[in-house]
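Right, one structure below, let's go through it.
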Amino acid sequence: MFSIHEKNGYGPAWLRKKLKHSQGGDMDASTKHRSGGIVFLLLTGSFFALVFSEVHVSVKNRLGSGKNMTLHCQSEDDDLGEQNVADGSEFGWDFNVNVWGTTLFYCDMGWESVQDYQFDAYSFARDLVRCDAQCLWLVSEEGMYGFNGQTGFWEYIYQWPSGLELAKKKL
């Protein structure tokens, strides 16, 4: 029979450490690996839940005086077609953002005094925090307002170009 003893009778330090690990005193490598794996899965799951979450975009016509507007929204993958949005109504759609964080929906719009105006209805980089799951737009005579979900306020975001700028744009 073979035995190793030190003065205190518990054996060498390397043996005590090995016994302590096998008895559950400290976290062994497999437990650390499992814990690291769980943390990784939680972080990955949170990322994918954020990236693959559904977003709703809505553009409301608040031009007043019975003014209708045309709206044509699209992304790289989806063309939502041209919509005629009556005064006081809205057009909306739902989608999932892509894994690369590059989702972009842009719209061309026009009505009596403003024609061929393009704006970004949803840009992942800009709207991930501002909009969260709802990106709301309000079109008025003064310009466009976007609802900030973080502050709870409408923000003046786009101003209509003047008549001179529109004439230059068409040339």
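The values are calculated or read from the model by the stated rules, or taken from the named source; none is laboratory data. Since the model is a prediction, treat every value here as computed from it, not as a measurement. Glycine gets a Cβ as well: all are built from the backbone with ideal geometry, and neighbour counts include every protein chain shown.
Listing for the model above:
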item	result
Identity of the residue in segment 124-145, surrounded by 18 or more Cβ atoms within 10 Å (Cβ to Cβ) and not hydrophobic (A, V, I, L, M, F, W, C), that ends up farthest from the chain's Cα centre (by Cα)	Y145
Residue among V85, V97, V129 that is touching a helix residue (DSSP H, G or I) at 6+ places or on another chain (Cβ under 7 Å) and not hydroxyl-bearing (S, T, Y)	V97
Hits in segment 146-162 (condition: on the phi > 0 side of the Ramachandran plot and within 17 Å of the chain's Cα centre (by Cα))	none
Checklist (1) under 15 Å from I157 (Cβ atoms); (2) touching a strand residue (DSSP E or B) at 6+ places or on another chain (Cβ under 8 Å) applied to Q134, failing item	(1)
Subset of segment 102-116 [buried (at least 18 other Cβ atoms within 10 Å of the Cβ) and not in a strand (DSSP E or B)]	T103, W111
Check on F119, more than 24 Å from L63 (Cβ to Cβ) and either modelled with pLDDT of 95 or more or in a strand (DSSP E or B) (or both)	no
